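Data block below; observations after.
The values are calculated or read from the model by the stated rules, or taken from the named source; none is laboratory data. On a predicted model such as this, the values are computed, not experimentally measured, just so you know. Areas reflect the complete protein model, heavy atoms only, side chains present, ligands, DNA and RNA absent. Shrake-Rupley method; radii C 1.70, N 1.55, O 1.52, S 1.80 Å.
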Amino acid sequence: SDVCSSDLSLCNCHCFVDNDDCGRNSFERAKQQGLLTVGDVNFASCPSMKESELEDLYDPGIYKEMVLNAFTVSLENAKFKSNKAKWSDRIAEVFRSAGKPWDDRLKAEVKLRIAEVVAANPSSALHQNKRAAFDGLITALNAKLSEIQKIDSRLT
């Protein structure tokens, strides 16, 4: 076969990580260890935001009613609508200013419930002005799938 052994692997991976210190540092460590390349990662980056997370890409309009009903916290708040901080920092500030508790367990619950709303409404989930990073992810995944199909066709 003319397929080079370096073209084959047990699995291909692609990472979509938050564009914050943790996400960037994790990618750098993996890159230094030879586990990932620039072609293996996309960051959840948003225009004009120094740090951003996956949740920043979502349109709050699809989940703000759920947050109000489940946690009695209104996201109609200038602090939440600001692009000066990433989603986790903004929602923590809104919860605390509403007199609500906030910790990692509650943050995980809110994120899970938002993920459920997003999964139920995929066509309207992305914020139209912040979706470029997700579109970049789709482009990267399509390119990788195309390469896998080429290798597969050479093997058969």
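Worth a mention:
- Per residue value of the accessible surface for the chain (all protein chains in place, 1.4 Å probe), Å²: 62 Å²
- Percent of C-alpha pairs per 10 Å bin, the chain, short to long: 10, 32, 30, 17, 8, 3, 0
- Structure-based [θ]222 nm, the chain - -39500 (n - 2.57) summed over DSSP H runs of at least 4, per residue, nearest 500: -15500 deg cm²/dmol
- Shown for the chain: the carbon plus sulfur share of the solvent-accessible area, taken with all protein chains present and a 1.4 angstrom probe, equals 53%.
- Lysine pairs in the range 46-156 whose alpha-carbon atoms fall under 15 angstrom of each other, counting only those eight or more residues apart or on distinct chains, come to 12.
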